[in-house]
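Below is the structure I would like to discuss, written out as structure tokens.
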Amino acid sequence: RERVRAMFYHAYEHYLESAFPYDELRPLTCDGQDTWGSFSLTLIDALDTLLILGNASEFQRVVSVLQEGVDFDIDVNASVFETNIRVVGGLLSAHLLSRKAGVEVEAGWPCSGPLLRMAEEAARKLLPAFQTPTGMPYGTVNLLHGVNPGETPVTCTAGIGTFIVEFATLSHLTGDPVFEDVARKALKALWKNRSDIGLVGNHIDVITAKWVAQDAGIGAGVDSYFEYLVKGAILLQDKELMSMFLEYNKAIKNYTKFDDWYLWVQMYKGTVSMPVFQSLEAYWPGLQSLIGDVDNAMRTFLNYYTVWKQFGGLPEFYNIPQGYTVDKREGYPLRPELIESAMYLYRATRDPTLLELGRDAVESIEKISKVDCGFATIKDLRDHRLDNRMESFFLAETVKYLYLLFDPDNFIHNDGSDFDVVVTPYGECVLNAGGYIFNTEAHPIDPAALHCCRRRKEEQWEVEDLMREFYSRKKTKKFTLKRAPDHSEGENAKDPENASSEKAGEKRNSKKSSHSLLSCPSQSFNSKLAVLGQVFLDNT
């Protein structure tokens with residue numbers, strides 16, 4: 001863990017010294033370059049990693065720097081996908097972690113705040129890309145002028161289906177539904193255009209909905225679409241998104257899986273088109289662990305780990321039958337995906353093999369890619385030639401997942417035993433209790449925050465009633481608790497704005513909800529809630 005911390009600061013300090021305010025560090029020449037839009041991208045991407053490493057003071061300093069220095073009103077053509085996952089995701093995560101980092105937050109946080117306003121401004125710059133007949137976005141947008149007239153309508157699948165985590169979070173925090181609406185419309189358009197055998201291709205025309213590249217797989221160009229169906233389902237407790245993924249998962253197993261490897265196939269016929277493993281596919285075991293498919297996840301992970309051990313990293317493409325790299329795809333740009341899967345699987349299994357991968361990754365990166373000014377992309381794993389680039393995801397993802405693998409007590413791994421209660425204009429809400437959802441750039445989103453900035457629902461009333469009853473009984477030394485509110489069919493809860501304090505303790509009725517695919521076996525809410533060691537049960 002301490003070696004990982006040292007890696008972070010070697011890269012981070014040289015970025016500040018040699019590359020800031022450019023997007024990225026060029027470690028071989030000790031200077032900087034803009035790559036994704038001139039946002040000081042590495043600083044935004046590294047911000048939440050600082051707090052995960054425990055550096056609250058630098059987090060606070062960087063928040064001030066970003067507020068003063070980042071401007072989205074610029075004449076720059078930006079990737080809609082990359083701006084969302086790196087900039088919008090990074091700012092949202094930092095906004096939600098600000099209070100924990102000791103930043104003085106404004107009244108109304110987390111429903112307001114300067115980083116949230118920056119995230120919203122950046123996201124609004126992306127909205128013109130979604131104005132297509134299908135609802136699927138263009139891949140590039142000009143931040144000042146919108147979509148350029150000659151912009152290509154061909155976008156990769158991941159570039160269409162990787163918005164729901166950030167955009168739904170924005171909608172829930174700001175109260176503006178437009179972000180979640182466009183993200184959902186794009187997801188559903190891809191679902192509607194899947195093939196008869198249940199697969200999606202690699203690139204599609206967002207105007208005509210015709211598939212331009214018909215290779216189906218789990219890797220580059222598709223990957224984070226599947227990831228966001230699962231993570232969006234968990235974040236939003238959305239059965240529809242999860243059922244979509246589970247249907248895709250069946251087709252993926254049926255047509256692309258061979259001996260715990262995943263190949264590329266023709267999306268309409270299921271015939272193999274490329275028998276290759278791409279390094280970007282290494283996120284898949286981690287995703288499998290999120291749906292509880294740990295045994296299959298470990299088998300696939302171990303396949304990928306053999307490739308790592310062969311080369312000291314994962315080449316961009318690996319020919320499975322030949323057992324070697326693919327021409328012109330021999331590089332390793334310090335990607336995080338295999339380490340990400342190791343972190344998830346270690347949380348699930350505590351298998352020491354996963355720690356060995358982490359140790360191997362630290363040693364490979366230090367030995368091969370460390371230079372005086374940071375860590376350089378490995379251009380060719382066969383001879384260890386380097387490239388003059390350090391992508392921002394190295395500090396956002398690779399180092400973060402490595403650190404979390406070796407830091408089991410990190411606040412990110414909180415099991416709910418510790419939490420903060422925050423007062424918002426909409427009532428009290430619980431934050432920092434764990435269950436963080438990482439976006440595809442490893443920016444953690446606290447799912448509880450999505451419930452802080454809207455009218456309180458029946459379940460929140462039930463919590464308040466139980467708390468009130470508990471403390472009133474405690475004062476009179478009577479600890480017998482009243483029965484839970486009756487959940488009778490068809491009755492609606494009261495409007496909180498019309499409910500007077502005298503009536504706050506009255507029984508409130510709510511509609512029954514069917515058992516969620518995403519939860520443990522059905523259990524009434526009040527039997528889960530424990531306060532100061534007291535467990536509330538239906539029977540007195």
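Inside segment 320-342, can you point out the residues that are among the hydroxyl-bearing types (S, T, Y) and either open to solvent by 50 Å² or more (accessible area, probe 1.4 Å) or without any contact (Cβ under 8 Å) to a residue 12 or more places away in the chain (or both)?
Selection gives Y324 alone.
When N142 is evaluated against the numbered criteria (1) under 22 Å from V265 (Cβ atoms); (2) more than 24 Å from the chain's Cα centre (by Cα), which criterion, by number, is the only one it fails?
So N142 meets the others, but not (1).
List the helices (runs of 4 or more DSSP H) that sit entirely inside segment 45-131 and contain at least 1 residues that are surrounded by fewer than 24 Cβ atoms within 10 Å (Cβ to Cβ).
Filter on segment 45-131 gives 56-69, 114-126.
Right, another one. What are the residue pairs meeting all of these: first residue in segment 416-430, first residue farther than 13 Å from L450 by Cα, second residue outside any strand (DSSP E or B) and among the aliphatic types (A, V, I, L, M), Cβ atoms under 6 Å, and 6 or more apart or on different chains?
G416/A433; F419/A433
Right, here's the next one. Between a residue in segment 67-79 that is on the phi > 0 side of the Ramachandran plot and free of Cβ contacts under 8 Å to residues at least 24 places away in the same chain and any residue that is assigned to a helix (DSSP H, G or I) and polar (S, T, N, Q), which pairs come within a Cβ distance under 8 Å, given they are 6 or more apart or on different chains?
none
Taking V141 as meeting all but one of (1) farther than 23 Å from I204 by Cα; (2) not in a loop (DSSP other than H, G, I, E, B), write down the number of the exception.
Evaluating V141 over (1) farther than 23 Å from I204 by Cα; (2) not in a loop (DSSP other than H, G, I, E, B) leaves (1) as the failure.
Filter segment 299-319 down to residues that are more than 27 Å from R385 (Cα to Cα) and either surrounded by fewer than 21 Cβ atoms within 10 Å (Cβ to Cβ) or without any contact (Cβ under 8 Å) to a residue 24 or more places away in the chain (or both), then give me how many there are.
Number satisfying all stated conditions: 1.
Listed residues D205, D196, D181; which is modelled with pLDDT of 95 or more, surrounded by fewer than 17 Cβ atoms within 10 Å (Cβ to Cβ), over 30 Å from N254 (Cα atoms) and among the acidic types (D, E)?
D181
I'd like the full set of residues that are among the small types (G, A, S) and either open to solvent by less than 10 Å² (accessible area, probe 1.4 Å) or within 25 Å of the chain's Cα centre (by Cα) (or both), limited to segment 252-279.
Within segment 252-279, S279 is the sole residue that qualifies.
Inside segment 163-259, counting only helices (runs of 4 or more DSSP H) that do not spill past its ends, which hold 1 or more residues that are over 26 Å from Q131 (Cβ atoms) and in contact with a strand residue (DSSP E or B) (Cβ under 7 Å, 6 or more places away or on another chain)?
Result: 223-236, 239-255.
Kindly provide the set of residues from segment 1-59 that are among the hydrophobic types (A, V, I, L, M, F, W, C), touching a Gly at 6+ places or on another chain (Cβ under 7 Å) and in contact (Cβ under 8 Å) with a residue 40 or more places away in the chain, ordered by number.
A11, L25, I44, L47, A56
Determine the pairs where a residue that is more than 13 Å from F226 (Cβ to Cβ) and open to solvent by 60 Å² or more (accessible area, probe 1.4 Å), located within segment 237-251, has a partner that is among the small types (G, A, S) and not in a helix (DSSP H, G or I) with Cβ atoms under 9 Å apart, the partner being 6 or more residues away or on another chain.
Q237/S516; Q237/S519; K239/S514; K239/S516
The values are calculated or read from the model by the stated rules, or taken from the named source; none is laboratory data. Worth saying up front: this structure is predicted, and the values here are computed from it rather than measured. Note that each Cβ is placed from the backbone with ideal geometry, even for glycine, and that neighbours are counted across all protein chains shown. With ligands, DNA and RNA removed, areas are computed over all heavy atoms of the protein, side chains included. Shrake-Rupley method; radii C 1.70, N 1.55, O 1.52, S 1.80 Å.
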